[in-house]
Structure formats: structure tokens, C-alpha cells
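Contents: one structure, followed by commentary.
The values are calculated or read from the model by the stated rules, or taken from the named source; none is laboratory data. Since we're looking at a predicted model, the values are computed, not measured. No Cβ is skipped: glycine too gets one built from the backbone with ideal geometry, and neighbour counts run over all protein chains shown. Heavy atoms of the whole protein, side chains included, go into the accessibility calculation; ligands, DNA and RNA do not. Shrake-Rupley method; radii C 1.70, N 1.55, O 1.52, S 1.80 Å.
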Amino acid sequence: MGARIKILRRVRDGMSQDALAESAGVSRVTIGKIEREEADTTTSVLFAIAQKLGVRIDDLVMGGSQSRT
């Protein structure tokens, strides 16, 4: 999941960890840990990340299409 978040973040106009963190209500350090799979996250943070990246939560968790339908 962390790798998918990182790829999607970079594809979305080179979004920074800071920008994603701010919209998800967490620190940049937390986003980094999630991307490196060193930390788990809550459903609410995962939902905020998915919204900011324009994907569904299941796309982050399981892969699949990378855009909303």
C-alpha cells in the first residue's frame, strides 16, 4: 500500500509529502512512514489520502484502477 501511495502522490503533479500530509491531517513524517510501510494508519487517514489522490481506498489497499469511476 505504501508504494502505491508514493507512486500516486508523485504522479499527481509531483505532490509533496507535506501537501498530502496537510490534507490528511497528519505530519510529513507520518506520510513517509506509511509510504515506507513502517507505520499503519487509521481508516480516516486512509480515506483522506485516497480522496486527495483521487482514488478509492480499495485501490490503495489492493491495487487496481488508479482513478475514480
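Computed quantities for the displayed model
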| read-out | value |
| --- | --- |
| Backbone N under 14 Å from the Ser27 label point (7 Å along Cα→Cβ), restricted to segment 1-21 | 18, 21 |
| Which labelled figure in (1) 29; (2) 50; (3) 46 is percent of Cα pairs over 17 Å apart, once derived from the coordinates | (1) |
| Most to least accessible of Met15, Met1, Met62 (protein chains only, probe 1.4 Å) | Met62, Met1, Met15 |
| Karplus-derived 3J(HN,Hα), 6.51/-1.76/1.60, for each residue of segment 21-31, Hz, glycine and proline x | 4, 4, 6, 8, x, 10, 7, 4, 4, 5, 4 |
| Length-normalised contact order of the chain in % [C-alpha pairs under 8 Å, at least 6 apart] | 32 |
| Debye, to nearest 20: dipole size of the chain, +1 on Lys, Arg Cβ, -1 on Asp, Glu Cβ | 180 |
